[in-house]
Amino acid sequence: FLCTVEVQRAIPILAKAYGDSMHKILHVGPDTCSVVSKLLKEKETEASGVEPYDIEDADRNCKALVKKGTVPIADIKFPLPYRPKSFSLVIVSDALEYLSPRYLNKTLPDLARVSIDGLVIFTGSPGHRKAKVSESKYGRVAKMRSSSWWVKYFVQTSLEENEATIKKFEHAATKMSCLKMPNFLPYAIPLTF
């Protein structure tokens, strides 16, 4: 189960919730080429991405984005190759579930370091303890952590849910319900630091 489709469907909702903060965006996660391509179609949006996996099966468009440096391939367990506050918003999907708490403690602050206005984390279905796939390209099984686990973790790392943005996000999603979007709202977590 990947959140990529939900991220793409959420872009108009994120644009309404974040407004001017949707100017320079970093997406981190598998299939980031498709998310970055969709973001680049938005007005006045500059987008980059980090692909945490090898892209040998990628299409020509993705390989071109990687070659241009728009979507580098990088192991997110190590510091990202960006200056502090390089992006107005960082969107993460399907990447943090594969990290042990040891690496999560390094990666999440690094994602916050490169963001000006916060992080939006899309994570798999809460309540499912393991992903349906037996192993990821990271060599580990995904841990589908509950929303209460994430909230506790955010408190410990001085990150907190951005309640004002969550309300805007929920309001925008409700107005756009005619799109018959899947219920991804509990899995998208806007954060501030």
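Of all residues in the stretch 39-65, those that are of a type in the set (Ser, Thr, Tyr) and in contact with a Cys (Cβ under 6 Å, 6 or more places away or on another chain) total 0.
Entry remark, the stretch 59-91: residues being out of contact with any helix residue (DSSP H, G or I) (no Cβ under 6 Å at 6 or more places or on another chain), under 13 Å from residue 35 (Cα atoms) and buried (at least 20 other Cβ atoms within 10 Å of the Cβ) number 1 in total. Among what's in the stretch 95-119 and is modelled with pLDDT under 85 and charged (D, E, K, R), pick the residue that is most open to solvent (accessible area, probe 1.4 Å). It comes out as 117.
Of all residues in the stretch 120-133, one or more are of a type outside the set (Gly, Ala, Ser), at pLDDT 70 or above, in contact with a Pro (Cβ under 7 Å, 6 or more places away or on another chain) and not in a loop (DSSP other than H, G, I, E, B). Selection within the stretch 40-50: residues that are within 18 Å of residue 6 (Cβ to Cβ) and at pLDDT below 90. The member of this set that is least open to solvent (accessible area, probe 1.4 Å) is 42. With at pLDDT 60 or above, more than 15 Å from residue 12 (Cα to Cα) and surrounded by 13 or more Cβ atoms within 10 Å (Cβ to Cβ) as the only criterion, which of 154, 193, 169 stands out? Step by step, each of 154, 193, 169 is checked, and only 154 is at pLDDT 60 or above, more than 15 Å from residue 12 (Cα to Cα) and surrounded by 13 or more Cβ atoms within 10 Å (Cβ to Cβ).
The values are calculated or read from the model by the stated rules, or taken from the named source; none is laboratory data. All of these numbers come straight from a predicted model, not from anything done at the bench. Here the Cβ is made from the backbone with ideal geometry for all residues, glycine too, and neighbour counts use every protein chain on show. Note: accessible area is taken over every heavy atom of the protein model, side chains too, but ligands, DNA and RNA are not part of it. Shrake-Rupley method; radii C 1.70, N 1.55, O 1.52, S 1.80 Å.
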